[in-house]
Each structure stands twice: as C-alpha cells, then as structure tokens.
Amino acid sequence: MQAPQVEILRFDGTELHLVPELGGVIISYFSKIGAGYHHWMRPVRLETVVEKGAIASSSYPLVPFSNRIAYGRFKYDGREITLPPDPLLPPHAIHGHGWRAAWELSERSESSMLLRYRHRADDWPWAYEATQRCVLDAEGLRIELTLQNLAEQPMPAGLGLHPHFPRTADVRLKAAVAQAHIGDHSLLPIAKRDDHPAIGPLCAGGLLPKDLDLCFDGWDGSAEILWPGENRGLRVAASPEFGHLVIFTPPGEDFFCVEPVSHCVNAVNLEGSGWGATGLVNLAPGARFSASARFQPIYPET
C-alpha cells in the first residue's frame, strides 16, 4: 500500500506539513532556528497517523460540528436525526466527518494550500462542502475553514480546530474566558460557572491548568501560550465566529489542546433549551459559514 502524500508549505524558514488523505491533518508546524527547530504544534510521524488516525496528529479540522452530540441524536427542523456512535467515544457522535475523511488538494503555492471535502447526505442528511485554507506568511500560520450547505433544507453547522501543543512543566496559557461549561459523567454540559477555579489562572496567564476537558464561553478570540524555559511563545488570534474555547489537558501526556470552536458541546440539543447562546449556526441552503484562526510565533524579551 502506497503511503499517503505529505504536502509541505514553506515560508522564510517555517514549514507546515499536511496529509490531506488522512483527514486534512497537520503533522508538523515548525521554524528552523540555527541548527535546531521550534515546534509550534506537537510533531508526529506519518506512520503514527496512518496507524491511529487524525486524533494522533498535530491538528485536525472539525466539520460540520465540534465535540460531542449526545448519543448521536437530535431534532432539527422537524426531523429526528440519529448518527452512528464514534468508535472512540460510544455512544456519542464527535467532531463531525472531516477528521475521518480524505480531503482533496484543490489549490496550492509554495506557502499556501486549499483542501476540499465534499459530504454526501447519509445519516447526516445534508450534503455540504468544506474547505480548509492554510497559509504561511510573516505572521505565522493562518487556517480558515468554510462550510457551504449543498442541501435544499437548512443545516445545523459548526466549525472548529483541534491543535495539539507541546507540553512542558513550565508552560503557561493565557485566555480571557468568562464561563466554564460543567459536564456530567460523559462531559455533556449541564451548567455554567463563572467561578470555576481554572478561569482566574487562564485570564492571568498562569501555569497550564491540570486535568481539564472543558468548553469555555465569553472568549475574546485571543490566547497566548508561553514556554518560558525556551523563551518562546505562540499567539492565537481567532475570528469572532470562534466564540468558544475548548481546553484539554490530559494527565500524563506530553501535549495539551487549545481548540477554537464556534459552538458549545452538544449545541444541537441545547439550542432552544434555555441554555442561552450556543453558537450553533442555522445554515440556509447554499449559504456559507467561515471562521479562521492565526497561530503566530513570538519571542518575548528576556
């Protein structure tokens, strides 16, 4: 079996390695520094992603929804929808289709690339097209996701990015968030808290909170990751469509995730429930929905 093709973007000493065939994933984003490298996302081997899938990559796109849909079931526009459980998280559906599908290379240059994925209606009864544009420039990496509803009926829609970052003992994370979404045993949201103990350290830029798997709202779209021992950092700047932030800091792992997403967990079931704004988009036939985020390397002064 032929190995999947790795596509490489380059700009002024920075490289981005992508594998369209394996979920449109990134497997490396780094800058060459002298004889070494600064990895801005966790680097992974192609063989690892071939074996374990997109979940083992540096980053992958979330379309047409982010995170969990409880038990893969919801009602929308008068229809009862039942999705197959995800093998990694039964009985729930998670992260949509893009991360488990092959994307096509549509356009490319030395420093930019457009990937395209088209979904035919199935258990998710809406046809749609998703694109992922990745660009390297003087300000780092910019990723833009777009959804277009190709069905004749409105479609619930959401977008997200799932980057994994290198974890060190001294890594710090700053993100201005307002509320944490408290989950049940399946991490399905049941309440909001503005006094969650992680909020203060996040807003202040403290040490990375431990053992989190939470969605936050009231995010202003900016975040900053610092690796003080290496005198470097990464600034995240997301468009307003990414109004929620998922932070995942699993114990015992060498990575953590800071995920810009457009809606809360299980949004299709919380919409209209009294939860408040979920971020879910009701995408009209033929309409498009886009969101983007920039990942900019920084070197704080010593």
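The values are calculated or read from the model by the stated rules, or taken from the named source; none is laboratory data. If you're wondering where the values come from, they're calculated on a predicted model, not measured in any experiment. Glycine also receives a Cβ, built like all others from the backbone with ideal geometry; neighbour counts cover every protein chain displayed. Side chains included, ligands, DNA and RNA excluded: accessible areas come from the protein's heavy atoms. Shrake-Rupley method; radii C 1.70, N 1.55, O 1.52, S 1.80 Å.
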Please indicate, with yes or no, whether at least one residue in region 199-210 is in contact (Cβ under 8 Å) with a residue 24 or more places away in the chain, in a strand (DSSP E or B) and of a type in the set (A, V, I, L, M, F, W, C). yes
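Yes/no per residue for (1) touching a helix residue (DSSP H, G or I) at 6+ places or on another chain (Cβ under 6 Å); (2) part of a strand (DSSP E or B):
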| site | (1), (2) |
| --- | --- |
| Val50 | no, no |
| Tyr71 | no, no |
| Glu80 | no, yes |
| Trp99 | yes, no |
| Ser106 | no, yes |
| Trp126 | no, no |
Looking at region 24-59 only, could you name the residues that are small (Gly, Ala, Ser) and either open to solvent by 50 Å² or more (accessible area, probe 1.4 Å) or closer than 22 Å to Pro87 by Cβ (or both)? Gly24, Gly34, Ala35, Gly53, Ala54, Ala56, Ser57, Ser58, Ser59
Of all residues in region 265-302, which are in contact (Cβ under 8 Å) with a residue 12 or more places away in the chain, more than 20 Å from Leu187 (Cα to Cα) and assigned to a loop (DSSP other than H, G, I, E, B)? Ala284, Pro285, Gly286, Ala287, Tyr299, Pro300, Thr302
Lone qualifier among Glu224, Glu230 - being under 26 Å from Glu301 (Cα atoms) and modelled with pLDDT under 95: Glu230
I want to confirm something. Restricting to region 214-255 and keeping residues that are under 21 Å from Phe65 (Cα atoms) and among the aromatic types (Phe, Trp, Tyr), which single residue is surrounded by the most Cβ atoms within 10 Å (Cβ to Cβ)? Phe242
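Go through region 12-23 and give me each residue that's crowded, with 18+ Cβ neighbours inside 10 Å and in contact with a strand residue (DSSP E or B) (Cβ under 8 Å, 6 or more places away or on another chain).
Correct list: Thr14, Leu16, His17, Leu18, Val19, Pro20, Gly23.
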Scanning region 262-278 for residues that are in contact with a Leu (Cβ under 7 Å, 6 or more places away or on another chain) and at pLDDT 95 or above, which turns out nearest to Phe289 (Cα to Cα)? Ser262
Tally of residues being aliphatic (A, V, I, L, M), open to solvent by 60 Å² or more (accessible area, probe 1.4 Å) and touching a residue at least 60 places away in the same chain (Cβ under 8 Å) across region 67-98: 0
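So, in region 102-132, how many residues would count as being surrounded by fewer than 18 Cβ atoms within 10 Å (Cβ to Cβ) and either modelled with pLDDT under 95 or not hydroxyl-bearing (Ser, Thr, Tyr) (or both)? Reasoning before the result, please.
So the first thing to find is which residues in region 102-132 are surrounded by fewer than 18 Cβ atoms within 10 Å (Cβ to Cβ), and the list is 102, 104-112, 116, 118, 120-123, 125, 127, 129.
Filter again for either modelled with pLDDT under 95 or not hydroxyl-bearing (Ser, Thr, Tyr) (or both), leaving 102, 104-105, 107-108, 110, 116, 118, 120-123, 125, 127, 129.
Going through region 102-132 one residue at a time, the tally reaches 15.
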